[in-house]
Amino acid sequence: MQANQAPVRRVVIAGGGTAGWMAAAALSKTMGRILDITLVESEEIGTVGVGEATIPSMLTFHKLLELNEAEFMAATSATFKLGISFENWRNVGEHYIHSFGSTGTDHWTAGFQHFWLKGRARGLAADYGDYCRELKAAQLDRFAHLPDDGMNYAYHLDAGRYARYLRKFSEALGVKRIEGKIVDVAAAGGQIMALTLDHGARIEGDLFIDCSGFRSLLLGQTLGVEYEDWSHWLFCDSALAVQTESTGAVPPYTRAIAHHGGWQWRIPLQSRVGNGLVYSSRYMDDEEAQRTLMSNLAGEPLMQPRPIRFKPGQRRQSWRGNCVAIGLSSGFLEPIESTSIHLIQRNLIRLLQMFPSQGICQTDIDEYNQQASQEIAHIRDFIILHYNVTNRRDSQFWRDASALELPASLRHRIQHFRETARVFRVPNELFVENSWIQVMLGQGIVPERYHQIADLMGDAELRHFLDSIRHGVESLARRLPQHKDYISRYCRAVS
Ligand code: FAD
C-alpha cells in the first residue's frame, strides 16, 4: 500500500547531535546527488553531550562513509576499545572483561566453552578470558591492527568533536545546516509538513528525520507516537556526567564499575577522560549520586557534573507517516554495553535500504518498525542479564534486580545456558554467542554440563588443545605495542 505517493527529494533532519550528523553523513554520502538535505540544530539547546564508547560495528559505518581511520581518530581524540571491564558486578571486588574478540576455537557441534568447561572440571583450564586475543591485549594495555582484520575493536571518542567532524564531512557533500530553535512543527493527516524556527524561517520537506533527542519533537510530541516504558526491567533512569583530566593511563577498554544503586563509567580519550554515574533515582538520591561519582574520579574534574534524566524504552513505532526518529528520539537503553550509536547506524542503514525515493510505502514502514523493534529488544535482554544474574544482595537495588520477572526470551536463554552451556544467536541479533557466554560466565552462571563431544578428547589431548590456544594468545598479545604508544604514532589528537 502506498502511504504517500509523492517522491521524496527534500529531507529535513531535526537535530544536530550524534544522530543528526550521522544521518546527514550517511544520506549525503549515499544519496546526496538526488536529495536536498537540510539539518536544523540549535546551539542554545545543545546536545546530550555523552555517548563516547562504541562497539565494533562502527567500523562498518565508517567504511560506508569511506572515512580515513587515523584522520577520524585524530580529529575526535579517539582511542581504541577492546571491550568493557565489569567491576563489582558479580561480587564486590571481582571483575571480568566482556571483550570484542572470539574465545578459543569452536567445534561445529559445540562451542569452545564446552571444551573449556571440561578442562576446568579436570583442572586443565585457565580463566576463560585467557583464550581470547582481544581480552588478553586489553589486560596488558596493548593494541595494534593485525592482518586480515585479526583484531576486533571499537573506539572511545569525543562526542562533540565527532559531531563536528561529521558536520564538516556532510557540508562538503552539500548538506545545508540551519541554526535555530524549532518553535513549531506543522502536521496534517499524520504527516509532518514544515518546521518553523525562532527566527521565522519555515522549512518544508518530504521526509523528516527526527534527531531531536529525548524531546522527540516530531515523532513523539507532534505525531503522538507513544513510548513503551521498560523501567520495570531496567531501573536506572538518571545519570551524572563529568569530564576529568587525563591521568596518563589510556587503557584500551571502558570501565563499568558497579555501585550499590547503579554503576560508573570511565572512558579514556587522548585528551581527557569521560566519566559518569548511571543510577536509579528509586534507589539512590541525586546528592548521594554526586558524592559517589565525585569520590570515585581518577583525575581532576574539568566541569561540574551534568545531570541527565531518561526513561529506558522505545517509541512504539520509529517510523510513522513521513517521519523517522533516529537516536534518542526513538528510544534509549542505558549505556552499559555502548549500544545507542550502534542502533543509530543500524537504523540509518535500514532507512537507506528502504529509502522511499518513489513514495512512502506502508509495507516499508511496517518492516522497518518490526526490524528496529526486534533489534532493540535483543539488546534490552542482554542488558537486563547484567543486573539480574549476580551474587550481589548487599543493597535493595541488587536484591530487586536479581529477583526480576524476566522477559520470556531472556529467561529461556539463561536457563538453557545454565543447564547445557549452549547459546544460540537469534537472526539479526547484535550480540554474538561469545558475548553472551562471557557475560553469563562473568556474572556467575556455572553451566551444569557440557557437550559430550568434549569427552572424546582425553586429558592429554585436551591439555594440549587448551594450552596451545592460550600460549598463542599470550605470546601474540605480548608482542603488541602499548596502546598509548600505538595511538601517538598512528593518530595523535589534533588540538
Ligand atoms: P542529542 O545529542 O540530544 O541531540 C539532539 C539535537 O536536537 C541537538 O542538536 C539539539 O540542539 C537539537 N534540538 C532539540 N530540540 C530542538 C529544537 N527545539 N530546535 C532545534 N534543535 C533542537 N551511546 C553510545 O553508543 N555509547 C555510550 O557510551 C553512550 N553513553 C551514554 C550515556 C548517557 C548517560 C546517555 C544519556 C546516553 C549515552 N549514549 C551512549 C547515547 C548517546 O549519547 C546518544 O545515542 C547519541 O548522543 C545521540 O543523541 P541524539 O543525537 O539522538 O540526541
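The values are calculated or read from the model by the stated rules, or taken from the named source; none is laboratory data. These figures come from a predicted structure and were not determined experimentally. Every residue, glycine as well, gets a Cβ built from its backbone with ideal geometry; the counts of neighbours run over all protein chains shown. Side chains included, ligands, DNA and RNA excluded: accessible areas come from the protein's heavy atoms. Shrake-Rupley method; radii C 1.70, N 1.55, O 1.52, S 1.80 Å.
For Leu195, work out the one condition from (1) within 24 Å of the chain's Cα centre (by Cα); (2) within 11 Å of the ligand (Cβ to nearest atom) it doesn't fulfil.
Of everything listed in (1) within 24 Å of the chain's Cα centre (by Cα); (2) within 11 Å of the ligand (Cβ to nearest atom), Leu195 misses just condition (1).
Could we say that Arg309 is more than 19 Å from Ser281 (Cα to Cα), within 15 Å of the ligand (Cβ to nearest atom) and either open to solvent by 30 Å² or more (accessible area, probe 1.4 Å) or modelled with pLDDT under 95 (or both) here?
no
Kindly indicate the residue of segment 12-42 that is assigned to a strand (DSSP E or B) and within 16 Å of the ligand (Cβ to nearest atom) and also farthest from Ser212 (Cα to Cα) among those meeting that condition.
Ranking the qualifying residues of segment 12-42, first place goes to Ile37.
Given the options Ala110, Ala188, name the one that is more than 15 Å from the ligand (Cβ to nearest atom), out of contact with any Cys (no Cβ under 8 Å at 6 or more places or on another chain) and not assigned by TED's automatic domain parsing to the domain that holds Ala24.
Testing whether each residue is more than 15 Å from the ligand (Cβ to nearest atom), out of contact with any Cys (no Cβ under 8 Å at 6 or more places or on another chain) and not assigned by TED's automatic domain parsing to the domain that holds Ala24 leaves just Ala110.
If you check His62 against the conditions, is it outside any loop (DSSP other than H, G, I, E, B), within 16 Å of the ligand (Cβ to nearest atom) and open to solvent by less than 60 Å² (accessible area, probe 1.4 Å)?
In short, yes.
Return only the number of the condition from (1) without any contact (Cβ under 8 Å) to a residue 60 or more places away in the chain; (2) in the same structural domain as Val446 (by TED's automatic domain parsing); (3) not in a loop (DSSP other than H, G, I, E, B); (4) not aromatic (Phe, Trp, Tyr) that Lys118 does not satisfy.
Evaluating Lys118 over (1) without any contact (Cβ under 8 Å) to a residue 60 or more places away in the chain; (2) in the same structural domain as Val446 (by TED's automatic domain parsing); (3) not in a loop (DSSP other than H, G, I, E, B); (4) not aromatic (Phe, Trp, Tyr) leaves (1) as the failure.
Conditions tested, residue by residue: (1) within 27 Å of Gly101 (Cβ to Cβ); (2) among the basic types (Lys, Arg); (3) touching a strand residue (DSSP E or B) at 6+ places or on another chain (Cβ under 6 Å).
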{"position": "Ser329", "(1), (2), (3)": "no, no, yes"}
{"position": "Pro356", "(1), (2), (3)": "no, no, no"}
{"position": "Ile360", "(1), (2), (3)": "no, no, yes"}
{"position": "Ile365", "(1), (2), (3)": "no, no, yes"}
{"position": "Glu375", "(1), (2), (3)": "yes, no, no"}
{"position": "His386", "(1), (2), (3)": "yes, no, no"}
{"position": "Leu410", "(1), (2), (3)": "yes, no, no"}
{"position": "Val426", "(1), (2), (3)": "yes, no, no"}
{"position": "Leu430", "(1), (2), (3)": "yes, no, no"}
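I'd like the residue in segment 141-184 that is of a type outside the set (D, E, K, R) and at positive phi and, out of all such residues, is farthest from the ligand (Cβ to nearest atom).
Of everything passing the filter in segment 141-184, Gly174 is farthest from the ligand (Cβ to nearest atom).
Exactly one of these conditions fails for Val324: (1) touching a Leu at 6+ places or on another chain (Cβ under 8 Å); (2) open to solvent by 10 Å² or more (accessible area, probe 1.4 Å). Give me its number.
Of the numbered conditions (1) touching a Leu at 6+ places or on another chain (Cβ under 8 Å); (2) open to solvent by 10 Å² or more (accessible area, probe 1.4 Å), the odd one out for Val324 is (2).
Go through (1) outside the structural domain of Gly189 (by TED's automatic domain parsing); (2) within 16 Å of the ligand (Cβ to nearest atom) and name the single condition Gly213 misses.
It is condition (1) that Gly213 fails.
I'd like the residue in segment 122-152 that is in contact with a strand residue (DSSP E or B) (Cβ under 8 Å, 6 or more places away or on another chain) and open to solvent by less than 20 Å² (accessible area, probe 1.4 Å) and, out of all such residues, is nearest to Gly444 (Cα to Cα).
Restricting to residues being in contact with a strand residue (DSSP E or B) (Cβ under 8 Å, 6 or more places away or on another chain) and open to solvent by less than 20 Å² (accessible area, probe 1.4 Å), the top hit is Gly129.
If we only count strands (runs of 3 or more DSSP E) wholly inside segment 193-251, which ones have 1 or more residues that are touching a helix residue (DSSP H, G or I) at 6+ places or on another chain (Cβ under 9 Å), among the hydroxyl-bearing types (Ser, Thr, Tyr) and on the phi < 0 side of the Ramachandran plot?
Once the strands (runs of 3 or more DSSP E) in segment 193-251 are filtered for at least 1 residues that are touching a helix residue (DSSP H, G or I) at 6+ places or on another chain (Cβ under 9 Å), among the hydroxyl-bearing types (Ser, Thr, Tyr) and on the phi < 0 side of the Ramachandran plot, what remains is 227-229, 238-245.
Since Gln2 meets every condition but one in (1) more than 12 Å from the ligand (Cβ to nearest atom); (2) surrounded by fewer than 19 Cβ atoms within 10 Å (Cβ to Cβ); (3) at pLDDT 95 or above, which condition does it not meet?
Exception for Gln2: condition (3).
Looking only at segment 220-238, count how many residues are open to solvent by 10 Å² or more (accessible area, probe 1.4 Å), of a type outside the set (S, T, N, Q) and within 11 Å of the ligand (Cβ to nearest atom).
Total satisfying the criteria: 1.
I'm trying to understand the selection: among the residues of segment 68-78, which are surrounded by fewer than 20 Cβ atoms within 10 Å (Cβ to Cβ) and assigned to a loop (DSSP other than H, G, I, E, B)?
Asn68
Only one of these conditions is not met by Ala186: (1) farther than 18 Å from Val11 by Cβ; (2) without any contact (Cβ under 8 Å) to a residue 60 or more places away in the chain; (3) in contact with a strand residue (DSSP E or B) (Cβ under 7 Å, 6 or more places away or on another chain). Which number is it?
With respect to (1) farther than 18 Å from Val11 by Cβ; (2) without any contact (Cβ under 8 Å) to a residue 60 or more places away in the chain; (3) in contact with a strand residue (DSSP E or B) (Cβ under 7 Å, 6 or more places away or on another chain), Ala186 is out only on (1).
Is it the case that segment 170-179 has a residue that's in contact with a Phe, Trp or Tyr (Cβ under 6 Å, 6 or more places away or on another chain), more than 25 Å from Arg315 (Cα to Cα), crowded, with 21+ Cβ neighbours inside 10 Å and among the small types (Gly, Ala, Ser)?
Looking for residues that are in contact with a Phe, Trp or Tyr (Cβ under 6 Å, 6 or more places away or on another chain), more than 25 Å from Arg315 (Cα to Cα), crowded, with 21+ Cβ neighbours inside 10 Å and among the small types (Gly, Ala, Ser), one finds none in segment 170-179, hence no.
Within segment 197-208, does at least one residue satisfy the condition of being under 25 Å from Glu44 (Cα atoms), surrounded by fewer than 21 Cβ atoms within 10 Å (Cβ to Cβ) and small (Gly, Ala, Ser)?
Yes, the conditions are met somewhere in segment 197-208.
Taking segment 252-288 as the region of interest, how many residues are more than 30 Å from His145 (Cβ to Cβ) and either more than 12 Å from the ligand (Cβ to nearest atom) or without any contact (Cβ under 8 Å) to a residue 12 or more places away in the chain (or both)?
Within segment 252-288, residues that are more than 30 Å from His145 (Cβ to Cβ) and either more than 12 Å from the ligand (Cβ to nearest atom) or without any contact (Cβ under 8 Å) to a residue 12 or more places away in the chain (or both) number 13.
Answer yes if at least one residue in segment 358-381 is part of a loop (DSSP other than H, G, I, E, B), surrounded by 14 or more Cβ atoms within 10 Å (Cβ to Cβ) and either away from the ligand (no atom under 16 Å from the Cβ) or not assigned by TED's automatic domain parsing to the domain that holds Leu430 (or both), and no otherwise.
yes
If you scan segment 335-352, which residues turn out to be near the ligand (Cβ under 7 Å from one of its atoms) and touching a helix residue (DSSP H, G or I) at 6+ places or on another chain (Cβ under 7 Å)?
Thr339, Ile341, His342, Ile344
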